[in-house]
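The values are calculated or read from the model by the stated rules, or taken from the named source; none is laboratory data. Note that this is a predicted model, so its numbers are computed, not measured. Neighbour counts run over all protein chains shown; Cβ positions are idealised from the backbone, glycine included.
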Amino acid sequence: MLSTRSRYTLALLLDVDGTLVCSNDAHAAAWSDACSECGIDRDVSFFAPFIGMGADRIVPRILRGLDVRLGMGRSIAERRDAIFRERYLATVVPAPGARAVVERARDEGYVCAIASSGGGTLLEDLLAVAGVRALVRVPKGLPPQRSKPAPDVVVAALECAEASPRSAIMIGDTPYDVVAAGLAGVPSIALRCGGWPDVDLAGASEIFDDAASLLNSYDDSSLAALRAALPYARCRISPVTAKTAGTTHR
């Protein structure tokens with residue numbers, strides 16, 4: 001049974017790459033470089049549709065039989081991490097409006113927690129780039145074995161925020177975020193800045209161009225609607241008018 005605290009804790013669950021920081025292209029480039037070092041020719045465009053998944057799902061797509069835990073698959077994944085940090089981390093910039101959305105949500109009573117397929121020191125580096133490390137909770141321990149679109153990372157973020165699915169909402173920029181959130185029973189807000197068309201993000205409650213666009217429409221967004229729908233949640237602002245789900249914004 002859920003505790004009273006978890007039932008009434010508003011939680012904003014946050015993807016990182018493409019949502020808080022502009023890093024998707026850099027990740028694709030790092031994967032391509034790591035493959036090249038191992039004698040495998042995979043262009044950046046090969047990896048672009050997979051960014052948002054974890055290495056456990058990307059590595060088997062590089063070459064049949066590769067396993068992220070073993071041999072060449074493990075070597076590629078480890079080199080990808082090192083290459084990203086050495087060559088591309090310095091090129092990553094905060095996503096426009098992302099920190100401001102986190103600040104606004106916190107000001108209105110949301111507990112913000114990270115729901116990312118990545119982890120470790122690289123995740124910490126990206127949160128530092130986004131300027132949100134002091135504003136968010138990060139699940140402790142190793143990332144779940146199954147990355148998005150499995151719900152594991154979303155469930156871990158819920159536990160970290162001490163919230164229930166009915167009092168949470170997730171923001172992400174890929175279909176993997178939308179599917180993972182849905183499987184965990186959490187509604188989602190999708191951002192087009194990840195490069196996906198609306199049809200692939202259709203499971204989200206709302207779709208915005210980016211975090212800045214969401215911020216501009218915050219008072220009419222699902223974040224405001226969720227707060228209004230839970231009058232006993234631990235919030236510090238007055239209710240606002242709820243909004244119908246399934247809306248797109250440009």
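In the range 14-53, of all residues being β-branched (Val, Ile, Thr) and either closer than 30 Å to ALA163 by Cβ or assigned by TED's automatic domain parsing to the domain that holds PRO151 (or both), the one that is surrounded by the most Cβ atoms within 10 Å (Cβ to Cβ) corresponds to THR19.
Of the residues making up the range 106-137, those that are out of contact with any Ser or Thr (no Cβ under 6 Å at 6 or more places or on another chain) and in a loop (DSSP other than H, G, I, E, B) are GLU108, GLY109, TYR110, ALA115, SER116, GLY118, GLY119, GLY131, VAL132, VAL136. Filtering the range 138-159 to residues that are surrounded by fewer than 16 Cβ atoms within 10 Å (Cβ to Cβ) and outside any loop (DSSP other than H, G, I, E, B) leaves only GLU159. Test of understanding: among ARG85, ARG79, which residue is among the basic types (Lys, Arg) and surrounded by fewer than 16 Cβ atoms within 10 Å (Cβ to Cβ)? Being among the basic types (Lys, Arg) and surrounded by fewer than 16 Cβ atoms within 10 Å (Cβ to Cβ) holds for just one of ARG85, ARG79, which is ARG85.
For the residues ARG64, ARG57, ARG79, the requirement of being closer than 18 Å to ASP125 by Cβ and either outside the structural domain of ARG227 (by TED's automatic domain parsing) or touching a Pro at 6+ places or on another chain (Cβ under 9 Å) (or both) singles out ARG79.
Taking ASP200, is it in contact with a helix residue (DSSP H, G or I) (Cβ under 9 Å, 6 or more places away or on another chain), assigned to a helix (DSSP H, G or I) and surrounded by fewer than 20 Cβ atoms within 10 Å (Cβ to Cβ)?
When the stated conditions are applied, ASP200 passes them.
Among the residues of the range 213-231, just one is touching a His at 6+ places or on another chain (Cβ under 7 Å) and either assigned to a helix (DSSP H, G or I) or outside the structural domain of ALA11 (by TED's automatic domain parsing) (or both), namely SER213.
Residues are listed down the side, and each one gets a yes or a no for (1) within 18 Å of PHE50 (Cβ to Cβ); (2) modelled with pLDDT under 95; (3) touching an Asp or Glu at 6+ places or on another chain (Cβ under 6 Å); (4) not aliphatic (A, V, I, L, M):
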residue: LEU142; (1), (2), (3), (4): no, yes, no, no
residue: GLN145; (1), (2), (3), (4): yes, yes, no, yes
residue: ALA181; (1), (2), (3), (4): no, no, no, no
residue: GLY194; (1), (2), (3), (4): yes, yes, yes, yes
residue: ASP200; (1), (2), (3), (4): yes, no, no, yes
residue: GLU206; (1), (2), (3), (4): no, no, no, yes
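The set of residues in the range 193-204 that are over 13 Å from the mean Cα position of the chain (by Cα) and not hydrophobic (A, V, I, L, M, F, W, C) comprises GLY195, PRO197, ASP198, ASP200, GLY203. State all residues of the range 160-185 that are in a helix (DSSP H, G or I) and farther than 25 Å from VAL59 by Cα; if no residue qualifies, say none. Answer for the range 160-185, where residues must be in a helix (DSSP H, G or I) and farther than 25 Å from VAL59 by Cα: CYS160, ALA161, PRO165, ARG166, SER167. When ILE40, ILE83 are checked against the criterion of being of a type outside the set (Lys, Arg), over 20 Å from GLY194 (Cβ atoms) and touching a residue at least 40 places away in the same chain (Cβ under 8 Å), a single residue qualifies: ILE83.
Of the residues CYS112, CYS38, the single one that is closer than 18 Å to ILE189 by Cα and out of contact with any Phe, Trp or Tyr (no Cβ under 6 Å at 6 or more places or on another chain) is CYS112. Could you list, in sequence order, the residues of the range 126-173 that are in contact (Cβ under 8 Å) with a residue 40 or more places away in the chain, touching a Pro at 6+ places or on another chain (Cβ under 9 Å) and closer than 21 Å to LEU215 by Cα? Selection gives VAL129, ALA130, VAL132, ALA168, ILE169, MET170.
Kindly provide the set of residues from the range 174-201 that are among the aliphatic types (A, V, I, L, M) and free of Cβ contacts under 8 Å to residues at least 24 places away in the same chain, ordered by number.
ALA190, VAL199
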